[in-house]
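In what follows, a single structure is set out as structure tokens and then discussed.
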Amino acid sequence: MALYLLFESASGYGLFHAYGIDEIGQSVEAVRSSVLDLERFGKAVKLTAFNPFSSAVDALNQCNAISEGIMTDELRSFLELNLPKPKEGKKAKYSLGVVEPKVGSQIAEVTGIPCQSNEFVQELLRGVRLHFDRFIKELKESDLEKAQLGLGHSYSRAKVKFNVNRVDNMVIQAIFLLDTLDKDINSFSMRVREWFSWHFPELVKIVNDNYLYAKLAKFIVNKSDLAEKDIPALADIVGDEDKAKEIVEAAKASMGQDLSPVDLINVQQFAQRVMNLSEYRKNLYEYLVTKMNDIAPNLTSLIGEVVGARLISHAGSLSNLAKCPASTLQILGAEKALFRALKTRGNTPKYGLIFHSSFIGRASTKNKGRMARYLANKCSIASRIDCYSEASTSVFGQKLREQVEERLDFYDKGVAPRKNLDVMKAAIESMVNGTTIDDDDNERTDASAKKSKKKKSKTEADGDSMELDKPSNAADGEAEPGTEKKKKKKKHKLEGTQEQENVATNGDAEVSETPKKKKKKNREVSEDAEPKTATEGKKKKKKKAKAEDDE
């Protein structure tokens, strides 16, 4: 069976006929050894046809189609034109070797051409790629390199969809650096406290903040030089004049040892480094806030900048986070506890990184798991909106945050939350109309005020009606609630209508039935009365018999 090879290059489609396979051998190792030798490989593989691309845009479209496993119309016409046509009702006596199995399967489905993609074919195509410029004499090696470079840039640019303002890698690096700085600043501040406490140990009890302590260590330098004239400057640093006076008084009666000028200079320099790190940490946090508002505004407004950045960094990117289901996002960061629970058959964790959100802390102990599940659901929605929406807006995130707040109220107070459909409709309307969230909040408060007024008026009306009904109930000797009265009235009305219908249809029959009912009642009365008379007669007879015996 003959073998044809389809080669997709940056400049066009090439079709090769591998007719001398016996010369290079059937095994993969034999093909590998013969690939480097052009004379031997050129005798086995010959160029059948070549179809160049019309433009760079056409080349990009064909490359995208091949990468997705789609056969274009140009490729189909090229194959049907250059491959031998089999007779009707008979199978083709050749096969087509392709690199991509998906493309081969679609070619076989659409055109009926048998395709194969194995190691043998791939080695042959590797040789074609290596000597492609030698097969086409009109194509120069430099032209092929330029076409490959241009197509590679355009293909990568189209896949990445490059946007400078939405590069989530910067957020990942910033949150990693922020966590590292927190640990370093904490350890360095403790070192400053230990170092300067040899000279001024009382300062640790007066000032608790690490940044202020480093500032004071740099300002004081030597405790023996402190005087009352330094109180205003100390008050500016500490922010409290009483604390400044306390520091001066403590310096006068300090139990610390004296340090040499060189040691004091080293302490001062180290305190300055700690201050610089703290200031850089503040600037980095501001940078992270602005970056998160650009990349994931909805996720930021829902769960915060730091927690959102940690979720993105743990997932690897915003697109990876958007692909995660809500159940995975809920325990993101607690993988070790999850696998330990699965191994020991214990309880799986309820939350991971989202535990640092304020919503989980505000929920009660029994509702923390439910709150984490609901919050993970909303975070998943927000991340998908941020990843796949072209317009950058935080309306959806603020609406989702309102939903989480309502869910908290529902767990604590039992207030029914709004439906998700209504909230999303309101978010889309506000985004289209350009209204802000504050306007929506005002409208909602107005609507709630109107509803409360209506409820109050209804309750007042019900109270008046109840007050009017109470005396009538007292007169009739009834103490039933208003709801039962309404039900009885409805029943009476229904019975009255049924009786009217029955009268209209069976008028004479009902007239004859009424005396029977009366007779039955009379019989019951007479039966009840008869036993009473019999007992009375027996008593009278007994009394007469006693009287006769006495006589």
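Throughout, read-outs are computed from the coordinates displayed, never taken from laboratory work. Since this is a predicted model, take the numbers as computed values, not measurements. Cβ: placed from backbone, ideal geometry, glycine included. Neighbour counts: every protein chain shown.
Summarised as an ellipsoid, the stretch 171-266 has semi-axes of 28, 16, 11 Å, derived from the eigenvalues of the Cα gyration tensor scaled by 5 and square-rooted, with the largest first. The orientation-averaged shadow of the Cα convex hull for the stretch 206-342, equal to a quarter of the hull surface, comes to 13.4 nm².
Rounded to the nearest 0.05, what FRET efficiency do Y388 and K137 have when you use their Cβ-Cβ distance and R0 = 41 Å?
With a Förster radius of 41 Å, E is 0.30.
Counting only Cα atoms, the size of the stretch 112-256 along its three principal axes is 97, 31, 29 Å, in decreasing order. Here the Kirkwood formula, the inverse mean of 1/r across different C-alpha pairs, assigns the stretch 308-359 a hydrodynamic radius of 11.5 Å. On the beta carbon distance between Y155 and N208, with R0 = 45 Å, the FRET formula returns roughly 0.20. Roughly speaking, what % of Cα-Cα pairs in the stretch 54-113 are separated by over 20 Å, rounded to a whole number? For the stretch 54-113, the fraction of Cα-Cα distances above 20 Å is 28 percent. Using only alpha carbons, the stretch 99-190 has a radius of gyration to Kirkwood radius ratio (Rg to Rh) of 1.30.
Estimated at 0.36 nm per residue, the fully extended path between S260 and E29 surpasses their Cα-Cα distance by 75.4 nm.
For L342, put the label point 7 Å out on the Cα→Cβ axis and report which residues of the stretch 294-331 keep their amide N under 18 Å from it. 315, 324-331, by backbone N distance to the label point. Expressed per residue, the C-alpha convex hull volume of the stretch 290-422 stands at 108 Å³.
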